[in-house]
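Here's the structure, in structure tokens; my notes come after.
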């Protein structure tokens with residue numbers, strides 16, 4: 001309900017902050033009522049910036065508001081989560097809090113109170129500014145003059161980081177000689193030790209709290225570049241001094257906030273959008289992401305508003321650095337390097353070699369041993385035992401100024417990648433019957449795409465739907481709906497032995513579907529195997545062999561269920577603007593007849609955000625081909 005002005009004067013001081021009011025002077029009491037009246041007349045709690053500061057959004061089932069924050073410490077009012085007005089009343093009365101300044105509402109929420117002081121024209125002779133020593137000390141430690149946005153590439157072995165991760169770096173000019181000492185502001189889910197299906201389901205349905213934290217940048221580098229082998233991209237932002245000041249004040253406030261963390265929507269990346277809208281109220285970032293959010297898209301939106309797409313710093317992962325060194329060695333040097341990495345007694349074989357060659361070989365071996373440790377293949381003790389003899393011998397080599405630090409070619413940055421949302425349309429024939437096809441794929445990439453700026457040799461697809469309209473039956477059919485498809489092809493060679501794997505879940509049209517029927521089944525496929533890669537001039541070829549397990553359920557199947565296993569062979573040929581992908585598999589089912597599947601696709605890159613795809617497939621007794629034009633748009 002709403003109070004009239006007289007009721008507002010009488011009741012607000014009594015039921016909100018009455019314990020603190022007995023010692024107020026008559027002037028302070030009178031001025032408190034004046035401020036409350038002024039806020040009431042202005043309806044200041046309806047101001048858009050106040051609503052942003054406390055993360056209020058319109059309630060779905062009513063005309064009221066609800067804050068997205070779930071931590072009661074973020075509010076002063078018992079009813080603050082649902083009442084912007086009640087929360088403002090408490091804040092105004094909080095001006096007159098008597099006690100330690102650092103524990104005052106104004107020092108807990110400095111940006112809110114600065115805004116209130118400006119909009120209510122608060123008289124400092126009656127309500128002096130607080131001395132917030134704790135906040136000022138924290139601010140002095142961070143001391144940012146610049147802020148950069150950071151994108152860490154996706155990591156397919158961790159479901160929560162499939163799409164990458166974004167966070168912020170606070171650039172302190174005192175750390176100019178060691179930028180890794182700067183602090184980061186990071187938003188992430190607090191998941192505890194949860195793993196497996198329960199972890200995934202909680203993340204999808206927002207059952208984990210997300211929190212903002214600050215930590216030194218070198219800790220994030222250690223985690224992402226070394227342990228998870230993820231490349232990092234830094235984008236300096238063009239923030240004004242006042243915007244940086246607002247950022248610090250609000251970041252301090254966010255230490256008392258928590259938000260439901262959703263893996264695919266309100267995730268690490270989305271939560272930065274309202275933060276930047278608070279820094280620059282004229283920006284409108286959230287409206288661009290209504291249903292889902294991909295970190296690379298958020299990065300593009302924020303950099304477009306606050307930075308420059310081509311102004312970035314590339315920090316290659318330990319894996320990228322190691323690969324660059326391996327590629328600089330000839331075959332004989334690689335054998336030497338790998339040999340001493342696995343057995344330091346072979347160091348004596350290097351004696352006849354010249355010093356530059358020794359340095360290249362031993363330096364690469366040291367990086368390889370470090371890589372195997374951070375990848376979890378060897379323990380710390382095993383790493384030290386293998387690495388120490390090499391370091392001692394390396395120290396004895398007269399380098400004469402030679403340093404083995406080959407240049408690493410900068411790959412396509414995430415801001416230079418194609419857009420993520422695929423809209424495809426085309427036509428084809430199936431068993432002699434013509435059809436038109438429509439495809440919608442919210443994210444992100446498959447083996448038929450040109451994936452510069454995304455994860456190489458991989459598929460990461462969610463929510464992929466394909467519809468077909470057959471003229472002969474005048475009916476639309478659901479060809480398939482892929483809920484999740486993750487494929488990680490990790491080429492093996494004498495240096496790297498990581499297996500390839502995949503998992504896929506969705507709804508698929510039944511193989512022997514005919515006529516007006518549109519029967520289908522739910523299917524899960526998991527696979528594991530090996531892949532190999534070769535590069536020839538400007539082209540790349542990838543080959544893989546895997547074993548695939550199929551589990552299918554649906555009323556159209558014998559006994560409503562079938563399961564089977566079989567081999568899958570595939571190849572991908574990439575010639576820059578033309579790409580071929582083929583796959584053949586045979587799945588033998590326990591309670592159904594086996595199915596031989598053949599697929600061949602050819603993609604032509606018509607522009608950065610469009611492609612033409614020719615597809616042929618034969619599955620069981622069905623044969624079809626199609627031509628589709630794919631357009632990639634910003635969601």
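Divide by every residue of the chain the summed helix terms, -39500 (n - 2.57) for each DSSP H run of at least 4, and state the resulting mean residue ellipticity at 222 nm, rounded to the nearest 500 deg cm²/dmol.
For the chain, the value works out to -8500 deg cm²/dmol.
To make sure I understand, if each residue's beta carbon is the centre and we count other beta carbons within 10 Å, what order do 364, 482 fall in, fewest to most?
482, 364
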Rg/Rh (Cα only; Kirkwood hydrodynamic radius) as it applies to the stretch 417-633:
0.96
With R₀ set to 30 angstrom, the calculated FRET efficiency between the beta-carbons of residue 610 and residue 474, to the nearest 0.05, is 0.50
Contour minus end-to-end for residue 34 and residue 343, with contour as 0.36 nm per residue of separation and end-to-end as the Cα-Cα distance?
103.1 nm
Enumerate the whole-percent occupancy of each 10 Å bin, from 0 to the last occupied one, for all C-alpha pair distances of the stretch 143-315.
10, 39, 39, 11, 1
State the Kirkwood hydrodynamic radius of the stretch 68-208 in Å, one decimal place, computed from all pairs of distinct Cα atoms.
18.8
Using label points projected 7 Å from each Cα along Cα→Cβ, tell me how many nm separate residue 382 and residue 395, to one decimal.
2.5
Give the peptides 317-323, 555-561 in descending order of average Cβ contacts within 10 Å, highest first.
317-323, 555-561
Expressed in nm to one decimal, what extension gain is obtained for the pair residue 598 and residue 327 from 0.36 nm per residue of sequence separation less their Cα-Cα distance?
94.0 nm
Ranked highest first by the average count of other Cβ atoms within 10 Å around their residues, in what order do 293-305, 463-475, 533-545 fall?
293-305, 463-475, 533-545
Starting from the 7 Å offset along Cα-to-Cβ, what nm value, one decimal, do you get for the label separation of residue 27 and residue 309?
5.9
Order by neighbour count: 582, 77, fewest other Cβ atoms within 10 Å first, most last.
582, 77
Relative to the first principal axis of the alpha-carbon coordinates of the chain, what is the inclination of helix 318-328, with its axis defined by its Cα atoms, in degrees from 0 to 90 and to the nearest 10?
40
With Cα atoms, 0 to 90° folded angle of helix 84-94 axis to the chain main axis
50
Can you give me the P(r) profile for the chain? Cα pairs, bins 10 angstrom wide beginning at 0, each as a whole percent.
3, 13, 20, 20, 17, 13, 8, 4, 1, 0
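Provide 393, 43 in ascending order of the number of other Cβ atoms located within 10 Å of each residue's Cβ, fewest first.
Details: 393 17, 43 10.
In increasing order of surrounding Cβ atoms, one gets 43, 393.
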Ratio for the stretch 318-396, C-alpha Rg to 2.2 N^0.38 Å, reads 1.01
Give the peptides 449-460, 350-361 in descending order of average Cβ contacts within 10 Å, highest first.
449-460, 350-361
Find how much the distance from residue 138 to residue 493 grows on full extension, using 0.36 nm per residue of separation minus their present alpha carbon separation; answer in nm with one decimal.
122.9 nm
With a/c under 1.5 counting as rounded, go ahead and sort the stretch 80-125 into rounded, prolate or oblate using the C-alpha gyration tensor (a ≥ b ≥ c being the square roots of the eigenvalues; past the cut-off, prolate if a/b is larger than b/c, else oblate).
oblate
So for the stretch 5-131, using the alpha carbon gyration tensor with a ≥ b ≥ c as root eigenvalues (a/c under 1.5 gives rounded; past that, a/b versus b/c decides prolate or oblate), I'd call it prolate
Which three extents, in angstrom, do the Cα atoms of the stretch 366-463 have along their principal axes, listed largest first?
74, 31, 24
Find how many whole Å separate the alpha carbon centroid of the stretch 311-381 from the alpha carbon centroid of the stretch 67-119.
57
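Using the Kirkwood radius over Cα pairs, work out the Stokes-Einstein diffusion coefficient for the stretch 246-290 at 4 °C and 1.567 mPa s, in µm²/s as a whole number.
Here the translational diffusion coefficient equals 114 µm²/s.
If I take R0 = 51 Å and measure r between the Cβ atoms of residue 119 and residue 456 in this structure, what FRET efficiency does the formula 1/(1 + (r/R0)^6) give, to the nearest 0.05?
0.50
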Given points 7 Å out from each Cα along the Cα-Cβ axis, report the residue 553 to residue 280 separation in nanometres with one decimal.
4.9
Please report, largest first and rounded to whole Å, the three semi-axes of the ellipsoid equivalent to the stretch 270-325, where each semi-axis is the square root of five times an eigenvalue of the C-alpha gyration tensor.
29, 14, 9
Degrees separating the helix 295-306 axis from the principal Cα axis of the chain, which is the longest one
50
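Throughout, read-outs are computed from the coordinates displayed, never taken from laboratory work. Only a predicted model underlies this, so the values are computations on that prediction, with no experimental measurement involved. Glycine also receives a Cβ, built like all others from the backbone with ideal geometry; neighbour counts cover every protein chain displayed.
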